[in-house]
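We did not get these values from a lab; they are worked out from the coordinates using the rules stated. These numbers were taken from a predicted model, which means no experiment stands behind them. Cβ placement follows ideal geometry from the backbone for every residue including glycine, while neighbour counts extend to all protein chains displayed.
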Amino acid sequence: MRTRWRSAAVGAAAVGLVAGLVVGPVGPAAAAAYEPTMTAAAPTPTPTPTPTPTPASDAFAQLTPAVTRQLDDAIRKVLAEAKIPGVIVAVSAPGKGEYIRSFGVADKATGAPMTSNLNMRIGSVTKTFTVTALLELVDDGKVGLDDPIGKYVDGVPNGDRITLRELAGMRSGLFNYSADEDFYKALTSNPDRPFTPQELLDYSFKHPVLFEPNAKFYYCNTNLILLGLVVEKVSGVPLGRFIEREVVAPAGLKHTVFPTGPEFPEPHAQGYTNQTASGKIENSADWNPSWGWAAGAMISDLPDLRSWAKTLATGTLLTPATQAQRLDVVDAIPGAGYGLGIFNVQGWIGHNGSLPGYGSLVLYLPQARATLVVLLNTDIGYEGQEPSTLFGEAITKIVTPERVYTLPAQPPS
């Protein structure tokens, strides 16, 4: 998400430049964005376990030719109305069938079609990998979720009181660096430049804290930068290498990478954003994603993300006790709860992602063992909604009408 729940995540509105619930939007506007779109104005949540669905809510549509046509029509409608260049969609459930389609173009200049084998930037879905890496260290007894961040990183406001759990759960109270005006100017004036984690933290730490630790939910990319630094310090290896070795490889993923610069494996789609210095739409495929780092820099493809959706939601790489803590969500926005680097929206568990030029949605519905993945090559919203949310809502209205995925836009805080 932008600073939104865009992503995905969870945030819905700010491409934040990294990861929303998404990396989300960047700059001052990102403060109100939802990548997930979750803002400091959100009510103080009370921890609640993931709700147990009623039997009727477990239904998943049989993917018959008639339902397939419905999905085709719904996706084409979103594509046209929101003026989205291209999208890749996969929906499946055991015994119900499989739907994999690509629509639109991967490159507006050449007209090359979007295809299901393309590599894509995944924005805030990166958060799910970073938090998994952290939780593996918890399982190894090397860190504790209730450790203060100050134990590992110096200079953090309230660092003696903000815990790793509160960082992963978006309840630290720290300012989101991607909502800082100077950061936005630096990024959009030179999107090829590399940013270090410390530079990103400096943009955040010049602002006062927004609230006391654990008082509210506020989707914030700063939290993930700090967790990435914890993983590096404790493991003794660079974050990207640790994630690729301890998360990506054990999960059996073949085309998921943590880039160290603007490199983007072929074949990939071109990405289109209006988060630019001029405000005009530009191709962001070769922008350096270092500004998103642990919050939103990763790249993946459709087969890997379909597999990751289940691994993430079922906790294959973690102990049952740690996975249970991860899925212990707190209310974030109506119909959605956020756990530790993961959300639960009407029973769909996963994350969304957004950064300039790209959007993603990676979901798993345990009751039906269903997977939904959406990848698109723009982050430009439509009528206040994250593009990935538009597709998620349209698709789930057809396949799980009693469990419709939606992340309502939030008012500015």
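Over 5 Å intervals from 0, what percent of Cα-Cα pairs in segment 107-228 sits in each interval?
Going from the shortest bin to the longest, the percentages are 2, 10, 18, 20, 17, 12, 9, 6, 4, 3, 1.
Could you order the peptides 191-198, 397-404, 325-332 from most to least packed, using the average number of other C-beta atoms within 10 Å per residue?
Numbers: 191-198: 14.9, 397-404: 18.5, 325-332: 21.5.
Result, highest mean first: 325-332, 397-404, 191-198.
From the Cα gyration tensor of segment 325-379, with a ≥ b ≥ c the square roots of its eigenvalues, which class applies: rounded if a/c is under 1.5, or else prolate if a/b is larger than b/c, or else oblate? Before the final figure, lay out each step's value.
Values: a/c = 2.35, a/b = 1.46, b/c = 1.61.
Taking the square roots of the gyration eigenvalues as a ≥ b ≥ c, segment 325-379 is oblate.
Would you pull out the residues with amide H under 5 Å of Tyr272's amide H, same chain only if 5 or more places away, H placed 1.01 Å from N?
Counting only residues 5 or more places away or on other chains, the set is Ser284, Gly357, Thr378, Asp379.
Tell me, what is a quarter of the convex hull surface for the C-alpha atoms of segment 28-399, in nm² with one decimal?
Numbers: hull surface 67.5 nm².
Over all viewing directions, segment 28-399 projects a mean Cα-hull area of 16.9 nm².
I want to check the label-to-label distance for Thr68 and Tyr382. Put each point 7 Å from Cα in the C-beta direction and report it in nm to one decimal.
2.4
Between segment 302-352 and segment 214-232, how far is it from one alpha carbon centroid to the other, in angstrom?
17
Take the alpha-carbon centre of segment 353-413, take the same for segment 106-176, and report the distance between them in whole Å.
When both Cα centres are located, 19 Å separates them.
Hey, rough spin-label estimate for Ala321 and Lys83, points 7 angstrom out along Cα→Cβ, what's it come to in nanometres?
Reported label-point gap for Ala321 and Lys83 is 5.4 nm.
Quick one: Kirkwood hydrodynamic radius for segment 77-121, alpha-carbon pairs, angstrom, one decimal? Numbers along the way, then the final one.
Values: mean 1/r = 0.0855 Å⁻¹.
By the Kirkwood definition, the hydrodynamic radius is 11.7 Å.
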